[in-house]
Structure formats: C-alpha cells, structure tokens
Amino acid sequence: MNHFINTSRISLQTSSKSHSNSVSPMEFKLLLVYTLLSVALVGSHAVSPQVYWKSLVPNSPMPKSIKDLLYIAQAWDDGEEKNYYTNTESRNIQLKDHPYSYVASEDIEVKDHPVPFFWYGKSKDEVKDHPQSYPSSKNQLKDYPEAKLLFLETDLQQGEELKLHFMKDNQKTAFLPRKIADSIPFTSKDLPEIYNKFSVKPDSVEAKILNQTLNFCELKDIEGEQIYCATSLESMVNFSTAKLGEKVKALSTEVNAKESTSSQTYRTGLVKKLAANKAVVCHKQNYVYAVFYCHTNVGTRSYAVSLVGEDGTKVKSVAVCHTDTSKWRSNHLAFQLLKVTPGTVPVCHFLPEDLVLWVPY
C-alpha cells in the first residue's frame with residue numbers, strides 16, 4: 001500500500017515594508033509588479049526535495065535510503081488538497097485539518113534499549129545523563145542490527161569472508177515537507193498534543209514509540225559529539241553541511257533484495273577507503289513521519305565495500321571503523337562479539353540500509 005500524506009492548503013503570506021519618499025511612482029510600480037510576480041512564482045513552483053538537495057549538495061547522488069522516503073512536491077497554494085506519498089509500503093498517515101492518524105506496523109516492537117549500538121557511556125555522570133541502557137548483553141542482539149554487521153578492520157580485505165546479516169526496516173514513514181514538519185510539536189512536553197494530533201491512545205504501542213523517540217532526541221550530547229534529530233530532509237541536509245562543510249557526500253548501504261536476507265557468509269569485493277576521518281551519521285527513528293537521529297562522528301575511518309552473499313545477494317555497503325575505543329565500557333557488546341578489549345583495535349561495522357553516512361570530500 002502506498003504511503004500517503006494529505007495536506008490542506010498552505011497559504012503564502014507576504015509582509016510589506018514602508019518605503020521612503022525617495023522612491024518614484026515608476027519605481028514603486030516596478031517593485032510592486034516584481035513582488036507580485038515573485039509571489040506567483042513561489043506559489044506555483046514549490047521547491048521539491050530533489051531540487052533542495054541538488055542546490056546544497058550538487059555533487060552527491062541522493063542515496064536510496066533517502067529517496068525511498070520522499071514525498072511528491074506539488075503546488076500547495078492552489079486551494080486544493082494534495083497527496084504526498086512515497087513508493088514504499090507504509091502505514092497510513094493522514095494530515096488534514098482534522099485529527100491526524102498513526103498506526104504502527106503490525107510486527108513492530110518497542111525496544112527496551114533504543115539507543116544506538118555504539119552508545120558507550122564512558123562515565124557514571126554520562127550514564128546518569130543518558131539513563132537508557134547501552135548494549136552490554138547478547139540478549140540485546142535483536143535490538144541492534146549493527147551487532148550482526150560487526151567485523152575487525154584487518155578483515156576488510158578483498159576476497160575475505162564475513163558472516164553478516166542485513167535486515168530490512170519494516171517501519172517506513174515518509175519525510176514531511178519542512179514547512180509542515182516545523183509546524184508540528186516535537187518535544188516530550190507536548191506529547192498530549194502530539195497524541196491528539198495523530199489520534200494515538202496514551203496507553204498504546206504507538207504512544208510508547210513516540211514517547212521513546214522524543215526522549216531519545218532530547219538527550220544531552222555525548223562527549224566529543226553533537227547530536228540533532230532531523231524532522232525533515234532539509235533539516236538533515238542543513239545539519240550535515242553545517243558540521244562538515246558544503247563539499248559533502250551522502251552514502252548508504254543498498255542490498256539487492258526486496259526482503260531481509262538470511263544470516264550468511266559474504267565475500268568482499270572492491271574496498272574503497274573514504275578520505276575523511278570525520279563524518280555525520282544519521283539513524284532512522286521510529287516515528288509518525290521520517291525522523292533521523294544525526295550525530296557528528298570523529299576518530300573514524302569509513303569505507304565503501306562491495307559484497308556478494310553465498311545466495312548471490314549483492315550489497316553496495318558502507319562501513320565505519322571506530323579507531324579509538326579506549327573510553328568505551330569494557331562490557332560493551334561489540335567487545336564481547338569480536339573478542340577484543342577497549343583501546344586495542346578499531347571496531348568496525350557495516351551500516352544497515354536505513355542509516356545515512358555524510359562525509360566531506
């Protein structure tokens with residue numbers, strides 16, 4: 001079923017400023033004509049997400065993980081309702097003047113440990129500021145796709161065999177146009193209003209998902225990183241370019257399969273090291289519309305790697321190696337699975353398909 005978002009009319013408002021007496025009647029008429037023409041052009045040609053992307057990051061193709069979540073931009077001020085939808089199979093989200101609605105996928109679970117896999121909690125104070133549990137038990141494997149994509153940097157050689165499990169994200173919700181996203185509350189203190197807006201019952205699974213995502217997005221920055229939850233495509237682009245500069249590229253893993261593949265052995269093909277040692281990583285969150293938890297990432301090495309599974313599945317993957325793990329908790333799940341200790345060797349993982357890596361070039 002196609003994901004769609006119905007939006008009611010979005011009107012354009014203009015403000016006038018007083019002009020000095022030095023403006024001639026002819027100049028004033030020309031200014032008025034120019035203003036009216038500009039408003040007409042803006043009203044009839046809404047900037048599409050593709051155009052916005054191309055204007056800010058012209059040398060970066062849009063990754064499939066982002067392209068799949070795009071709405072179709074149309075003129076918003078012609079007095080008619082317009083549909084915004086993606087080509088992905090998603091649950092309905094209706095945005096009208098009436099209460100909105102949100103229904104989570106039937107197979108979705110509310111995780112007990114919603115923080116990213118590489119949330120390491122280096123001190124008691126940091127754990128107090130970030131009360132969610134970081135991954136420290138093999139019982140948490142199901143909550144962290146990255147745990148099934150771990151490897152050591154020394155294994156990143158052409159022809160090497162790695163046991164990996166790439167899983168599909170079943171909860172696909174589309175980006176909203178920035179103007180609409182910015183008009184919707186996005187703080188935990190506004191949860192009652194958000195529940196009402198999306199017709200969510202406070203004691204439902206959907207309510208737990210929204211509450212969890214909002215609380216996560218309100219956590220303090222980790223030492224050495226800056227975090228930001230992007231509620232629109234435009235805000236994600238803006239954050240990434242602000243932290244890395246205008247010359248950036250966005251990359252994501254692409255698995256040539258419609259469904260999640262089984263855990264299997266993959267053989268590495270071409271391995272390309274990306275030049276930068278800094279990056280922004282954006283993690284897709286479970287929410288009513290597309291929200292990405294983005295954070296700066298220093299002390300890393302990034303790679304583009306081609307993989308072929310034993311069943312023939314082809315993967316264009318993106319991998320990140322964390323070069324300094326000396327401050328990580330010694331019982332972090334990554335150390336247990338790779339059988340290494342903090343600060344000894346880089347810890348690496350391939351990115352799941354719903355993560356986006358931004359790197360300068």
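Okay, here's what the table says:
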{"read-out": "Simple label model, 7 Å out from Cα along Cβ direction - E225 to D182, nm", "value": "2.8 nm"}
{"read-out": "Inter-label distance, nm, simple model (7 Å from Cα along the C-beta direction), N59/D203", "value": "5.7 nm"}
{"read-out": "In Hz, Karplus ³J(HN,Hα) per residue of the range 236-246 (6.51, -1.76, 1.60; θ = phi - 60°; x = Gly, Pro)", "value": "5, 4, 5, 5, 5, 6, 5, 8, 10, x, 6"}
{"read-out": "For the range 287-302, Karplus couplings with θ = phi - 60° (6.51, -1.76, 1.60), whole Hz, Gly/Pro x", "value": "7, 5, 10, 5, 10, 10, 7, 10, 8, 5, 9, 10, x, 10, 10, 10"}
{"read-out": "4 °C / 1.567 mPa s Stokes-Einstein diffusion coefficient of the range 151-196, Kirkwood radius on C-alpha pairs, µm²/s", "value": "84 µm²/s"}
{"read-out": "Potential extension, A242-H165 segment - 0.36 nm per residue separation minus Cα distance", "value": "24.4 nm"}
{"read-out": "J(HN,Hα) series, the range 53-58, from Karplus relation 6.51 cos²θ - 1.76 cosθ + 1.60, nearest Hz, glycine and proline x", "value": "4, 5, 6, 9, 10, x"}
{"read-out": "FRET efficiency, K273 to E218 (Cβ-Cβ, R0 45 Å, nearest 0.05)", "value": "0.80"}
{"read-out": "Pairwise label distance in nanometres, V47 with K67, each label 7 Å out on the Cα-Cβ vector", "value": "2.2 nm"}
{"read-out": "Order of exposure, largest accessible area first, which applies to K327, K278, K247 with probe 1.4 Å", "value": "K247, K327, K278"}
{"read-out": "Close Lys-Lys pairs in the range 213-294, where close means Cα under 24 Å and separation is 8 or more or interchain", "value": "16"}
{"read-out": "Gain upon complete extension [S306, Q336; 0.36 nm per residue less C-alpha separation]", "value": "8.2 nm"}
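The values are calculated or read from the model by the stated rules, or taken from the named source; none is laboratory data. Since the model is a prediction, treat every value here as computed from it, not as a measurement. Cβ coordinates were reconstructed from backbone atoms using ideal geometry, including for glycine residues, and neighbour counts include every protein chain displayed. With ligands, DNA and RNA removed, areas are computed over all heavy atoms of the protein, side chains included. Shrake-Rupley method; radii C 1.70, N 1.55, O 1.52, S 1.80 Å.
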